[in-house]
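Colleague: Take this structure first; my questions come after.
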Amino acid sequence: QSHQRTRTGTIAMKLARALLFGFGLAAPLYHAAGAEQGDRTITQVVKLLQDLLEKSKEEGDIERDLYAKYKCYCDTSEEAKNSEIQELSKEIALLESEIDALQASNGKLSKEVAQLAADIAANKDAQAKATAIRKEENDAFVELKADLEQAISQMEEAIHTLSEVGADQTLAEGADHKQYMAGYDGGASLAKLKSSVRSALLAANAFVSKKQAKVVDAFLQAPFTGTYTAQSGEVVGILKDMLDTFSSNLQAAIAKEEAAEAAYQKYMTELEKAAKEMQESYEKKQGELGSNDGGLGSKREQLESSKVSLEEAKDFLAKLLDMCAAKKKQYNERVALRTNEQAALSEAISVLNSDAAFATFGTVDATKTGSVSFVQARASRRASVRRHHGAAFAVTENAPSFQAAPRKVAQEFLQKAATQQGSSMLHHIAALLQANNPFSTVLKEIEKMIGLIHQEESQDIKQHAWCEEERRVTNDGITEKTNEITNLGGEIQTLDEAINDPEVGLKATIKRDEDTLQDNYKSQVTETKERKAENLAYQNDISTLVEAKALLGRAIVILRKYYAKISAELKGAMFVQSRNAKRDDPAPPATWEDKYQGQSTGGTDAISMLEFILKNTEAEETQAHDDERAAQHSYEDSMADLKQQEADTQAALASNRKLLAEKEEALLQTREELKRAEKEKAALEKYLVEIKPGCDFITGNIDLRNTNRANEKQALEQAVDLIKGTPVYQNAMAEAHQESLGDCKDVCAKDEAHVECKACLASVTVPGYCAGHPGTAGC
C-alpha cells in the first residue's frame with residue numbers, strides 16, 4: 001500500500017506539471033458550472049489557475065507547519081542526545097579514572113600487605129630467637145648460681161669447721177695449742193671434720209693456683225694426728241679468699257642476670273608492640289583491599305553500562321542527524337518546486353487577468369464564448385471552417401458521436417479494468433479520457449505509467465531478493481551468535497568451577513596451600529625449638545657427665561694413692577712394733593688393735609664402686625652422644641622434608657596464584673564476550689523485527705503484485721491501441737502533420753517525396769536541393 005501511495009503521488013505530481021504545461025497547448029479543463037453561470041471562457045481558466053494557486057499555498061502552509069514540528073523534534077532530540085553523550089563521556093572518563101586509582105591503590109596495598117606479612121613473620125622469629133637465647137642465659141645463670149651457692153656453703157662450712165679446731169691463724173691461740181683437743185670427740189667428730197674439709201677443699205681446688213693446689217693436696221693427704229700446724233691456717237686463708245671470690249662472682253652473676261632479664265623484657269615489649277601495630281595495619285589494609293575489590297567490580301559494571309549507553313546514544317544521534325538532514329533536503333526541494341509552481345501560476349494569472357488582456361479577450365470568440373474542452377474546441381473550429389469554406393470541409397451532424405465512440409470504448413475499457421484490478425493509474429487514465437485531455441498528453445502519461453510499472457517491478461524484485469538475502473544472512477548470524485553464546489556460557493561455567501569449586505577450585509587449592517605453609521612454618525618453629533631444647537639438655541648432660549667423669553677419676557686417683565700410702569705405713573708400723581716388743585712392758589686392758597686398718601677395706605670397695613660408676617658414666621656419655629646424633633639426624637631429615645614441602649608448596653602456590661589471575665582475567669574477558677555476543681544477537685533479532693513488516697509484505701504479495709502489474713500494463717497497452725485507432729486521433733495526427741509543414745503544406749499536398757516539397761521544407765531552391773540530393777524525385 002505504501003508503494004502504491006508513493007507511486008500514485010508521483011504520478012499525480014507529474015500529471016499536475018503536464019496539465020500546467022498543457023495550458024499552453026490546449027484549452028484548460030474546468031467544471032461546466034462556470035459556463036452555466038455566464039463566465040467568459042478565459043475567466044474560467046483564470047479561476048482554475050487561482051484555485052490551483054490557493055491550493056498550492058494551503059499545502060505549503062500545511063507542510064511548513066509539519067516541518068516546523070519535525071525540526072523541533074530534531075533540534076530537541078539532538079540537544080538532548082548531545083547533552084546525554086557529553087554527560088556519559090564525562091561519566092566514563094571519571095569511572096576510568098576511579099578504576100585506575102583503585103587498581104593503583106590495590107597494587108600498592110598488595111605490596112604493603114606482603115611486606116607486612118614478611119615483617120610479622122620476621123618479628124615472630126625474632127621473638128622466638130630472643131626467648132630461646134634468654135632461656136639459655138637463664139638456665140646457665142641458674143646452674144652457675146646453684147654451683148656458686150653450693151661452693152659458698154661448702155667454703156663456709158669448711159672455714160667454720162677448721163676454725164673450730166684452731167686452724168684459723170687469726171684466732172688468739174694457734175693450732176699447736178696443746179689443750180685444744182681436751183674434751184674433743186676424737187672419733188666421729190674428727191671423721192666429720194675430715195669430710196667437711198675435704199669437700200670444701202675439693203670444691204675450691206679448681207680455682208686455686210698451683211702453689212695453693214700443692215698446699216691443699218698436701219693437707220688432704222696428710223694423716224690426721226689430732227694437732228694442726230701452720231699449714232692448716234694457710235688452707236683456711238685460701239678458703240676465705242675463694243669464699244670472697246665466689247661471693248663476688250655470685251653477686252656479679254645476679255646483677256648480670258637481672259640486667260639481661262630487664263633488657264629481654266624491654267626488647268620483647270618493643271617487639272610485641274611492633275607486632276601488634278603491624279597486625280592492625282595488616283588487617284586494615286586487607287579490609288581496604290576487600291573494599292577496593294568490591295568497588296572495582298561495581299565501577300567496572302557501571303563503566304560497561306555507560307559505554308553501552310554512550311554507543312546507543314551516538315548511534316541514535318547519527319541516525320537522527322541523517323534522518324533530519326534528509327528531511328530538510330526534501331523539504332527545501334519541495335519548497336523550491338512549490339515556489340516555482342506558484343510563480344508560474346501567478347505569472348499566468350497576471351498575464352490572463354490584466355486589463356489589456358481583458359480588453360483583448362473580450363473581442364475574441366474563443367476567449368469569450370469558446371469551449372473549454374479539446375473535443376469541443378475541435379468541433380467548434382470545424383463548424384467555423386464549414387461556415388467559411390462551405391461544403392469542402394462538411395461533416396454530418398452526428399460526427400461528434402461517431403468520433404466519440406472509440407474514445408468511449410477506450411474509456412469504458414479502462415474504467416472496467418481499473419475497477420477489477422483496483423488500479424489507481426488506470427482510474428487516472430480513464431479520468432483523463434473522460435476529461436477530454438489531448439491525446440498526446442494521455443498517451444505520454446500512459447507511456448510514463450508503463451515505465452513506472454517496469455520500474456516498480458524491478459524495485460519489487462530487488463526488494464524481494466534483498467529481503468531473502470538479509471533474512472538468510474541475519475538468521476545465519478543469529479544461529480552463529482546462539483552457538484557462540486552457548487559455547488561462552490560453557491566456558492564461563494568451566495572457568496567458574498576451576499576458580500570457585502569448593503573442593504578442586506583454585507581458590508580452595510590456594511587456601512589449602514596457604515594453610516599447609518602455615519602448618520609447615522609452625523612445625524619448623526616447633527621442631528627447631530624442641531631440637532634446641534634437646535641439644536641444650538644434651539650439652540648440660542654431657543657437661544655433667546664429663547664433670548662427673550673427672551670427679552670420679554680424680555676421686556679414684558686420690559683414694560688409690562691415699563690407701564696405697566696407708567697400706568705402706570701400716571706395714572712399716574707393724575714391723576717396728578714386733579721388733580721393739582719386750583716381755584716386761586705394761587699390759588693394759590684391751591681396747592683395739594694397734595694395727596690401724598682405717599677404711600682400707602671400705603676404701604677398696606669404694607674404689608671398685610667408683611670404677612663401676614665411672615664405667616657406667618662413660619657408657620651413659622656414649623649413649624648420650626649416640627642419642628644426640630640420632631636426634632640431630634632425625635631433625636635434619638625432618639627439616640629437609642619440611643623445607644622441600646615448603647618449597648614445593650610455595651612453587652605450587654605461586655603457580656596457582658598466577659593461574660588464578662589468568663583464569664579470572666579469562667573469565668572477565670569471556671563474560672565481556674558473552675555480553676557482546678548477546679548484544680549482537682539482540683541487534684540481529686531487532687533488525688529482523690524492523691525489516692519484517694516490509695519484507696513480509698513484499699514476500700507475501702510479490703506474486704499478486706506481478707499479476708496486477710501485468711494486467712495493468714496489458715490494459716494500458718490496449719488503451720493505447722484503442723486510442724490510436726480512433727478517427728479523431730488519426731485526424732488530429734494528420735492535421736498536426738499538415739501544420740508541421742507550415743508554409744509548404746500546399747506545395748507538399750501533392751507529393752511530400754517530390755523535390756519541390758523537400759526544397760521548400762529545407763528552405764533552399766530546387767536546383768540547390770537536387771545538387772545535394774540528386775536521387776530525389778523530380779530532380
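The values are calculated or read from the model by the stated rules, or taken from the named source; none is laboratory data. Source: prediction; values computed, not measured. All Cβ positions, glycine included, derive from the backbone under ideal geometry; neighbour counts span all protein chains shown. All accessible areas refer to the heavy atoms of the entire protein, side chains included, with ligands and DNA or RNA removed. Shrake-Rupley method; radii C 1.70, N 1.55, O 1.52, S 1.80 Å.
Colleague: I need a count of the residues in the stretch 670-697 that are surrounded by fewer than 12 Cβ atoms within 10 Å (Cβ to Cβ), out of contact with any helix residue (DSSP H, G or I) (no Cβ under 9 Å at 6 or more places or on another chain) and either within 30 Å of residue 514 (Cβ to Cβ) or charged (D, E, K, R) (or both).
Modeller: The qualifying residues number 2.
Colleague: Still on this structure, please answer the following. Residue 69 - would you say it is at pLDDT 75 or above, part of a helix (DSSP H, G or I) and touching a helix residue (DSSP H, G or I) at 6+ places or on another chain (Cβ under 9 Å)? Before you say what the answer is, go through the steps one by one.
Modeller: Numbers: at pLDDT 75 or above: yes; part of a helix (DSSP H, G or I): yes; touching a helix residue (DSSP H, G or I) at 6+ places or on another chain (Cβ under 9 Å): no.
Against the criterion (at pLDDT 75 or above, part of a helix (DSSP H, G or I) and touching a helix residue (DSSP H, G or I) at 6+ places or on another chain (Cβ under 9 Å)), residue 69 does not qualify.
Colleague: Being modelled with pLDDT of 85 or more and surrounded by 13 or more Cβ atoms within 10 Å (Cβ to Cβ): is that true of residue 201 here?
Modeller: no
Colleague: Do you know which residues across the stretch 497-541 are among the polar types (S, T, N, Q), open to solvent by 50 Å² or more (accessible area, probe 1.4 Å) and farther than 22 Å from residue 645 by Cβ?
Modeller: Correct list: 500, 539, 540.
Colleague: For the stretch 738-779, which residues satisfy the criterion of being open to solvent by 40 Å² or more (accessible area, probe 1.4 Å), closer than 30 Å to residue 442 by Cβ and out of contact with any Lys or Arg (no Cβ under 9 Å at 6 or more places or on another chain)?
Modeller: The answer is 740, 745, 749, 761.
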